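Data first, discussion second: the structure below is written as structure tokens.
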Amino acid sequence: MEFTAILFYVFAILTIGSASIMVFSKNIVHSAFALMFTLIGVAAIYVLLYADFLAATQLLVYVGGILILILFGVMLTSQESAKLNFKTVTVNVVPASILSVTALVLLTYVFTTTQWASRNLETPQETVEILGTMLMSDYLLPFIIAGVLLLIAIIGSILMATRLNSKPTESN
Amino acid sequence: MEPSFLQWLADPGLSHFLILSAILFSLGIMAVLSKRNVIMVLMGVELILNSANINFIAFSRFTDLSLDGHMIGLFVIIVAAAEAAVALAIVLNAYKRFKTINLDDISMLKG
């Protein structure tokens, strides 16, 4: 067994294990921390796929940004009559399990039986410079649109979050 | 049958990464459908987005998609960041108004 294979299985087990802890935990704070280990495992999977820039971006944006946002959301919305309540309600367990297991079986069947048009693996190289060149040439329009989208998202969330302080009776 | 399966296990290729992403996807579906806490549903959506990203990057490594897959993955991360910010602002507003974030209790169209 190669070293790469061992690394793949270690990180796959880390990712899937913490993702299942996230889904099946009763405590939402435990879920958030399990999500952190899932995201770190996904970043390691990106490294195994030679996507160095994307792995760094995953760590910065997901673990450093989105996860902190989610933890703040948990803290701000878990108060129930002056004490904290981190329990999550689980409903529809049987239909959800049936649907997700069906999705898993179908996807696995499709993924394993299809003959993918694979190519010979070339020696990998650093992707940062190539990605930068592509962002400034072929992907210039999506790049600018993504910038505008982020600006709109920032303005929209600031507007929605600061309306919290105004009285609910004076709408508009 | 058995030795070839062991050999398949010992050499991670495209289908290994695809199956990993399928497992993550089904766990995300499970979280979205069975949890009644808005933030848990958001975490499930993040899981689904990550599994799609693993697919893109695995195809970019093992097929002729080349670095375009990395580009799509980058834009998925950007859109996920914007989505998380807006969704949490909406959740905070809903909590302010309804005093709960249980999805079954937030059922009024005009609060």
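The values are calculated or read from the model by the stated rules, or taken from the named source; none is laboratory data. Since we're looking at a predicted model, the values are computed, not measured. So basically every Cβ, Gly included, is an ideal-geometry build from the backbone, and we count neighbours across all protein chains shown. Accessible surface areas use protein heavy atoms only, side chains included; no ligands, DNA or RNA. Shrake-Rupley method; radii C 1.70, N 1.55, O 1.52, S 1.80 Å.
Of all residues in the stretch B:67-111, those being facing chain A (nearest Cβ under 8 Å) and touching a residue at least 60 places away in the same chain (Cβ under 8 Å) number 3.
Scan the stretch A:131-147 for residues that are within 30 Å of B:Ile90 (Cα to Cα), under 22 Å from the mean Cα position of the chain (by Cα) and among the aliphatic types (A, V, I, L, M) and the total you get is 2.
Looking across A:Val148, A:Val105, A:Val110, A:Val128, one residue alone is hydrophobic (A, V, I, L, M, F, W, C), touching a Phe, Trp or Tyr at 6+ places or on another chain (Cβ under 7 Å) and under 24 Å from B:Ala52 (Cα atoms). It is A:Val128. Residues in the stretch B:61-81 that are over 17 Å from the mean Cα position of the chain (by Cα) and farther than 12 Å from A:Phe53 by Cβ: B:Arg61, B:Phe62, B:Thr63, B:Asp64, B:Leu65, B:Ser66, B:Asp68.
For the stretch A:43-50, the criterion of being open to solvent by 90 Å² or more (accessible area, probe 1.4 Å), more than 8 Å from chain B (Cβ to nearest Cβ) and out of contact with any strand residue (DSSP E or B) (no Cβ under 9 Å at 6 or more places or on another chain) is met by no residue. Criterion first (more than 7 Å from chain A (Cβ to nearest Cβ), of a type outside the set (S, T, N, Q) and without any contact (Cβ under 8 Å) to a residue 24 or more places away in the chain) does B:Gly13 satisfy it? The answer is no for B:Gly13.
For the subset of the stretch A:99-143 comprising residues that are assigned to a loop (DSSP other than H, G, I, E, B) and open to solvent by less than 50 Å² (accessible area, probe 1.4 Å), which member is farthest from B:Phe17 (Cα to Cα)?
As a first pass, look at the stretch A:99-143 and keep what is assigned to a loop (DSSP other than H, G, I, E, B): A:114-127, A:137-139.
Still in the running and open to solvent by less than 50 Å² (accessible area, probe 1.4 Å): A:127, A:139.
Numbers: A:Thr127: 20, A:Tyr139: 26 Å.
Of everything passing the filter in the stretch A:99-143, A:Tyr139 is farthest from B:Phe17 (Cα to Cα).
Only one entry in A:Thr169, A:Thr114 is more than 10 Å from chain B (Cβ to nearest Cβ), more than 23 Å from B:Ala84 (Cβ to Cβ) and at pLDDT below 90, namely A:Thr169. Could you check the stretch A:57-98 and list, in sequence order, the residues that are within 9 Å of chain B (Cβ to nearest Cβ), of a type outside the set (A, V, I, L, M), open to solvent by less than 70 Å² (accessible area, probe 1.4 Å) and assigned to a helix (DSSP H, G or I)? Residues satisfying the conditions are A:Thr57, A:Gln58, A:Tyr62, A:Gly65, A:Gly73, A:Thr77, A:Ser97. Taking the stretch B:1-93 and the helices (runs of 4 or more DSSP H) fully enclosed by it, the elements with 1 or more residues that are open to solvent by 10 Å² or more (accessible area, probe 1.4 Å) and under 30 Å from A:Ile154 (Cα atoms) are at B:14-34, B:38-62.
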